[in-house]
Number of protein chains: 2
Amino acid sequence: MAPLVSDLPSVSQRAGSARTSPVRDLLALTERPAVISFAGGLPAPELFDVDGIRAAYDAVLSSPSVLQYSTSEGDSSLRTLVAAAYTADGVQTSADDLVITTGSQQGLGLLSTVLVDPGDVILVEEPCYLAALQTFALAGARIVAVPHGDDGIDLDALDRAAAVHAPKFFYIVPTFQNPTGRSHDVEARRGIAAIAEHRGFRIVEDEPYRQLRYEGTALPSLAAFAPDHVLSLGSFSKVIAPGLRIGWLRSTGDVRRAATIAKQAADLHTSTIDQAAAAHYLASGRGDAALDRIRTAYAQRRDAMLEALSAHLPAGSAWNAPEGGMFLWVRLPEGADATTALTHALAHDVAFVPGAPFYSGAADPRTLRLSFTTYAPGRIHEGIRRLGVALAG
Amino acid sequence: MAPLVSDLPSVSQRAGSARTSPVRDLLALTERPAVISFAGGLPAPELFDVDGIRAAYDAVLSSPSVLQYSTSEGDSSLRTLVAAAYTADGVQTSADDLVITTGSQQGLGLLSTVLVDPGDVILVEEPCYLAALQTFALAGARIVAVPHGDDGIDLDALDRAAAVHAPKFFYIVPTFQNPTGRSHDVEARRGIAAIAEHRGFRIVEDEPYRQLRYEGTALPSLAAFAPDHVLSLGSFSKVIAPGLRIGWLRSTGDVRRAATIAKQAADLHTSTIDQAAAAHYLASGRGDAALDRIRTAYAQRRDAMLEALSAHLPAGSAWNAPEGGMFLWVRLPEGADATTALTHALAHDVAFVPGAPFYSGAADPRTLRLSFTTYAPGRIHEGIRRLGVALAG
């Protein structure tokens, strides 16, 4: 055999076209302790119920069974608890309709595997959750954005896009969206569901923020309008803690069967220990009190940010006031550019995420995302004051 | 809008062509308590170091940081410990070369994403680990099996297959393989590495059983022969416990970068809690004693099975005597069919896995897999006695 060493093949086309999340890359720049960063999307760790969660792990780790392999569908106690929550919420669900996932992020990957062949179209909101775009791109999907005006999603545009592209699904974060904080109202939900039924495509509703409501009335799940057309993703990351990496996919029929196979191929199953601890913690009832504390603190932080924005942002700026979630969306005055503004902001030790990377189509360069959950109100005021100075400078 | 509801699109081509693991489906049949099942591949739960693992979780859960989001690469303490083990084993490795995965199964999926576009060829051993075949199929790969004779892998056939198919990688479980229990000797490893360098393809070496050696000398990692061509997967599932779902991928350069992006898209990161607990447990040193207990018990069980096979299997049967791992491979006498034999075996309350599903090409219908780790020696003798009766009947 010749001693010559041949060149190695390069990475796959789909991997070669993928990029790291710009938000993650940016976070590296904001790690200096002096920086007040509204860029991240992390829950506030001081609100985690460390004692309650620790007690749950200690309780379940008294048995070797939580150290063993488990089923790909996941812990049946946990699925029963999650199913009961859906049913109480008006969406009839059994434990068999659920697959436990390693965070709801994994649900995006499983659904890409199950529903998308390379070249297939996925419709997304404009702007859209970044890590979803990345996962869909790695699956080889073509991504088509549906425009969204100030009054809500453009249903005619959704209908036209569905007619033209025959999408495999429409991906939507209907409540307190990342990055915008916006929610689709009941009429929009009904309209989206009707178009999906009429045109014959699925909806993937991703609801990590649904339980983080600080005021107003809960909005119905899209699954309530079109049960056969809607696949739902949920997560404990924002309501218990993200470190557990526990999410779920609600689906039925063919998709459910295929999702279980895809889950088995992806990682056999999610941590037996984390699943058992989550189920134990939920059953203990401690989660409700902890979630109340989180909601109360986040509501105060949101109010502090809204007040500070009014006091410090330049005339011509606009922003929304979400009834929950972790983010709000700012549009700077005409002529401004949020990416340029970030450079000025970092010079004043404050950070945010420019809106541009969240767009699949033409970006609105004046937009930016602020997370209001990370700091106590006083620090939020100081950060927004710095932002006002940076934007004025 | 017409009230008509359109048909939903079917699942993706790749999902439509996937099947559940025949082994998993079969396990359902063997769950009657009366059945002595050598079919599963589960570690023995009575050997888990429950107290030590529980103490590790309790220690790390004193801080809210283990409940927070983490990096996609994984816990740096854990990666440092794993890297040190590789380096001590003769494969120079830094923490930066490692990505922590949700079990080594996830590593198979990440590498499929990173290296394989639909239609690309992956070479596999014949027979091959089932869940790997499933994952590669879901990635749209074409699977080509390399024949394996009684004396070891057919290196000429590997070279020819590489020349004809230009594979993206050759997937191999070089030590105590699932399903056969066989290991590739030093010369085979050197030969495989040389062909990979000559023909320009990567090797994915999957080593979940490497540390389960009961006698003989440790074999070098394939990475020791061709460091740039070998990607290595490892796991704590067989040496600590599978419920943690902690594995890792060792890679460098382009693949390392792309694997981190693929991991981020797959599930953001593996459970922060499980990773921290695994690192704490390893650093505590308790793992070494626990692994010694596992090795001692499994060696006794293997010996019990070998003795029972000699006593009870019909003349003309043959099997191997692996120096470690969890499985051994039986070939029934000429004319026998292991799938038919399983029906007789279940009637006698004993179970195994027929070899056929592990083959990508033409199966040897006389082969079957036995797991020797599940039961204490007395129960193993009884199970193999029943198997002998079933095969004679």
Exercise. Long-range amide H contacts for A:V230: which residues qualify at under 5 Å (H placed 1.01 Å from N, peptide plane, sequence gap of 5 or more or a different chain)?
Worked result: A:I203
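Which net charge results when you count Lys and Arg as +1 and Asp and Glu as -1 among the other residues whose beta-carbon is under 15 Å from that of B:P9? Before the final figure, lay out the partial values.
Working: positive: A:R142, A:K168, A:R199, A:R202, B:R14; negative: A:D117, A:D120, A:E197, A:D228, A:D254, B:D7.
Counting the neighbours of B:P9, the net charge comes to -1.
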For this session: Compute the distance in nm between two label points, each set 7 Å from the Cα along the Cα-to-Cβ direction, one at A:S10 and one at B:R32.
Result: 5.8
Problem set entry | Cα-only radius of gyration and Dmax that characterise chain A, units Å | 21.6, 75
Seminar exercise, completed: In nm, the gap between the two label points placed 7 Å beyond Cα toward Cβ at A:E334 and B:H165 is 6.3
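Return B:S77, A:S104 ranked ascending by Cβ neighbour count within 10 Å, so the fewest neighbours appear first. It would help to have the intermediate numbers written out before the result.
Working: B:S77 16, A:S104 26.
Listing B:S77, A:S104 from fewest to most nearby Cβ atoms yields B:S77, A:S104.
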Exercise. Once amide H atoms are placed 1.01 Å from N in the peptide plane, what residues at a sequence separation of 5 or more from B:R142, or on another chain, have their amide H within under 5 Å of its amide H?
Worked result: B:G119, B:D120, B:V121, B:I122
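Throw me the Rg/Rh for region B:51-285, computed over C-alpha atoms with Kirkwood Rh, two decimals. Intermediate results must be reported in sequence, preceding the final value.
On the way: Rg = 17.6 Å, Rh = 18.1 Å.
Looking at region B:51-285, the ratio lands at 0.97.
Return a whole-number percent for the relative contact order of chain B, with Cα pairs under 8 Å and 6 or more residues apart as the contact set.
Details: 721 pairs, mean separation 91.2, N = 393.
This gives 23 percent for chain B.
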For this session: Give the value in nm², to one decimal: projected area of the alpha carbon convex hull of the protein assembly as shown, averaged over all directions.
Result: 33.4
Problem set entry | Estimated translational D of region B:313-393 in µm²/s (Stokes, Kirkwood radius over Cα pairs; 4 °C; 1.567 mPa s) | 100
Exercise. Which lysines have a Cα lying under 22 Å from the Cα of B:K238, excluding residues fewer than 8 positions away in the same chain?
Worked result: A:K263
Problem set entry | B:A362/A:D89 FRET efficiency (R0 51 Å; Cβ-Cβ; nearest 0.05) | 0.45
Exercise. Can you list, shortest first in nanometers, how far B:D185 lies from the same residue in the other copies, with each label 7 Å from Cα toward Cβ?
Worked result: 7.8
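Rounded to the nearest 0.05, what FRET efficiency do A:A347 and B:D51 give with R0 = 60 Å and r taken as the Cβ-Cβ distance? Could you check?
Working: r = 53 Å, r/R0 = 0.89.
The pair A:A347/B:D51 has a calculated efficiency of 0.65.
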Exercise. So what J values fall out for region B:296-306 if you push phi through Karplus, 6.51 cos²θ - 1.76 cosθ + 1.60 with θ = phi - 60°, rounded to Hz, Gly and Pro as x?
Worked result: 4, 5, 5, 4, 4, 5, 4, 4, 4, 5, 4
Seminar exercise, completed: Sorted by chain and then number, the residues having a modelled amide H within less than 5 Å of the amide H of A:V350, at least 5 places away or on another chain, are A:I36
Seminar exercise, completed: Two pseudo-spin positions, 7 Å from Cα along C-beta at A:S77 and at A:D228, lie apart in nanometres by 3.7
Exercise. If you put a point 7 Å past Cα along the Cβ direction, how far is that point for B:G253 from the same point in each other copy, in nm, smallest first?
Worked result: 4.7
Exercise. Where the label is 7 Å out from Cα toward Cβ, how close does B:D303 come to the same position in every other copy, in nm, shortest first?
Worked result: 7.3
Exercise. Which order results if A:S284, B:S221 are arranged by neighbouring Cβ count within 10 Å, fewest first?
Worked result: A:S284, B:S221
Problem set entry | Cβ-Cβ FRET estimate between A:D185 and A:D303, R0 fixed at 25 Å, reported to 0.05 | 0.65
Problem set entry | Highest-fluctuation residue, A:L123, A:L342, A:L67 considered, GNM on chain A with Cα pairs under 10 Å | A:L67
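Here, each number is a calculation from the coordinates, and none is a lab measurement. Note that the structure is predicted; figures quoted are calculated from it, not measured. Positions of Cβ are generated from backbone atoms using ideal geometry, with glycine treated the same way; all protein chains shown enter the neighbour counts.
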